[in-house]
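Inspection log for the structure reproduced underneath, given as structure tokens.
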Amino acid sequence: MSIRTWGIVGTGPSGRGIAQLVATQGLEVIMLGQSPDELEQARRLIELSLQHEIERWAITESEKRAIMARIAMTTDMTEMAKADFVIATLVTDIDQDKEIFRTLDQVCRREVILASNTSTLSITEMASATNRPDRVIGCHFLQPIPRTKVVQVVRGLKTSDETVAEVMALMERLGRTGVEVFESPGYITTRLIIPLINEACQVLMEGVASAEDIDTAMRLGFEMPRGPLEIADRIGLDTVLVMAERLWREYGDMKYRPAPILKKLVRAGHLGVETGEGFFKYDADGDRIKNGRAGR
């Protein structure tokens, strides 16, 4: 099946990142949001991200305009009928995700693959809400999506070999490496990064080192582009908390139990880059503010 148009359900960081990546590769995008204001905010943030690419000399102004022209926005779920591939990117619970997939199953053509960007929820359970469980799959893009080169391609119980092969080829078309994963809570990357973030939180709470020094030690000591606390800020602390709570429920292992400081920051509305403050402070462009350390 030729895939020319992507449907993207959700306008959060993942939805925006996937939309930018797909449109940059010359494909059409239909982005579904809940309100015109939400969609306008998403458009503004995608344009801002592309402006950063211009400043890096990665694209030109004319390429930016062409990319934005490929991204259509709507509040009407029936517009997903025009898509050749649909991915849901909302951070919800399994019941809400099942309802989204049930609706997409009714709206989309039978041959269309339905994907989820989830990192913790069950693809098999989402697929059970559809009449095409063989065409339901997980595609977990890691942040920052326009630059990160790997995607976890997650098999549900009934996902067909044909569907996996099509999606792996699609990831290659996007310039990404697909890593095939058999369904398990957290897959690979979330299951490994959450304990690291959690332990960094514990080290911070115990006063062993500052947030800045924790991240510096990990960046330079292990050649990481970013330290664990900044990674958490860029994922979104609310999203990290949801991930940790789900893994804690699934495995019952203390290493996944969310650190109190993570809950504290989320309750304060300090969610990371999205709100300008998390473990560190950020400007409107999402860049770290020098010496911008959030309080405990």
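Can you confirm whether THR148 is among the β-branched types (Val, Ile, Thr), assigned by TED's automatic domain parsing to the domain that holds GLU125 and within 15 Å of SER14 (Cβ to Cβ)?
Values: among the β-branched types (Val, Ile, Thr): yes; assigned by TED's automatic domain parsing to the domain that holds GLU125: yes; within 15 Å of SER14 (Cβ to Cβ): yes.
Against the criterion (among the β-branched types (Val, Ile, Thr), assigned by TED's automatic domain parsing to the domain that holds GLU125 and within 15 Å of SER14 (Cβ to Cβ)), THR148 qualifies.
List the residue pairs whose Cβ atoms are under 9 Å apart, where the first residue sits in the stretch 238-255 and is more than 17 Å from ILE94 (Cα to Cα) and free of Cβ contacts under 8 Å to residues at least 40 places away in the same chain, the second is of a type in the set (A, V, I, L, M) and surrounded by 20 or more Cβ atoms within 10 Å (Cβ to Cβ), and the two are 6 or more positions apart or on different chains.
ASP253/LEU247
Does the stretch 21-39 hold any residues that are within 16 Å of LEU50 (Cα to Cα) and surrounded by 24 or more Cβ atoms within 10 Å (Cβ to Cβ), and which are they?
VAL22
Among the residues of the stretch 163-176, what is the count of those that are in contact (Cβ under 8 Å) with a residue 24 or more places away in the chain and either in contact with a Cys (Cβ under 7 Å, 6 or more places away or on another chain) or over 20 Å from ILE235 (Cα atoms) (or both)? Give the steps one after another, and end with the answer.
Going residue by residue through the stretch 163-176, those that are in contact (Cβ under 8 Å) with a residue 24 or more places away in the chain are 163-164, 166-167, 170-171, 173-176.
Next, from what is left, pick out any that are either in contact with a Cys (Cβ under 7 Å, 6 or more places away or on another chain) or over 20 Å from ILE235 (Cα atoms) (or both): 163-164, 166-167, 170-171, 173-175.
So the count comes out to 9.
Could you run through the stretch 253-262 and say how many residues are over 20 Å from the mean Cα position of the chain (by Cα) and part of a helix (DSSP H, G or I)? Don't jump to the end; show me each part of the working.
Filtering the stretch 253-262 down to residues over 20 Å from the mean Cα position of the chain (by Cα) leaves 253-255, 257, 259-261.
Retained after the next criterion (residues that are part of a helix (DSSP H, G or I)): 254-255, 260-261.
Of the residues in the stretch 253-262, 4 are over 20 Å from the mean Cα position of the chain (by Cα) and part of a helix (DSSP H, G or I).
Being in contact (Cβ under 8 Å) with a residue 12 or more places away in the chain, part of a helix (DSSP H, G or I) and under 29 Å from VAL179 (Cα atoms) is the requirement here; does SER119 meet it?
Taking the combined requirement at face value, the residue does not satisfy it.
Within the stretch 269-279, is even one residue over 18 Å from the mean Cα position of the chain (by Cα) and part of a strand (DSSP E or B)?
Taking every residue of the stretch 269-279 in turn, at least one turns out to be over 18 Å from the mean Cα position of the chain (by Cα) and part of a strand (DSSP E or B).
Got a sec? Which of ARG219, ARG234, ARG147 is part of a helix (DSSP H, G or I) and at pLDDT below 95? Let's see the steps before the verdict.
On the way: ARG219 fails: at pLDDT below 95; ARG147 fails: part of a helix (DSSP H, G or I).
Within the list ARG219, ARG234, ARG147, the selection yields ARG234.
Please list, ordered by first then second residue, the pairs with beta carbon atoms under 7 Å, 6 or more apart or interchain, first in the stretch 182-206 and surrounded by 15 or more Cβ atoms within 10 Å (Cβ to Cβ) and outside any helix (DSSP H, G or I), second modelled with pLDDT of 95 or more and of a type in the set (D, E, K, R).
GLU183/ARG155
Anything in the stretch 63-81 that is within 26 Å of ASP105 (Cβ to Cβ), surrounded by fewer than 16 Cβ atoms within 10 Å (Cβ to Cβ) and among the charged types (D, E, K, R)? List them, or say none.
ASP76
Any idea how many residues of the stretch 199-232 are within 19 Å of the chain's Cα centre (by Cα) and not small (Gly, Ala, Ser)?
Residues of the stretch 199-232 that are within 19 Å of the chain's Cα centre (by Cα), as a first pass: 225-232.
Retained after the next criterion (residues that are not small (Gly, Ala, Ser)): 225-226, 228-231.
Qualifying residue count for the region: 6.
The values are calculated or read from the model by the stated rules, or taken from the named source; none is laboratory data. On a predicted model such as this, the values are computed, not experimentally measured, just so you know. Heads up, the Cβs are rebuilt from the backbone with ideal geometry, glycines too, and the neighbour counts pull from every protein chain shown.
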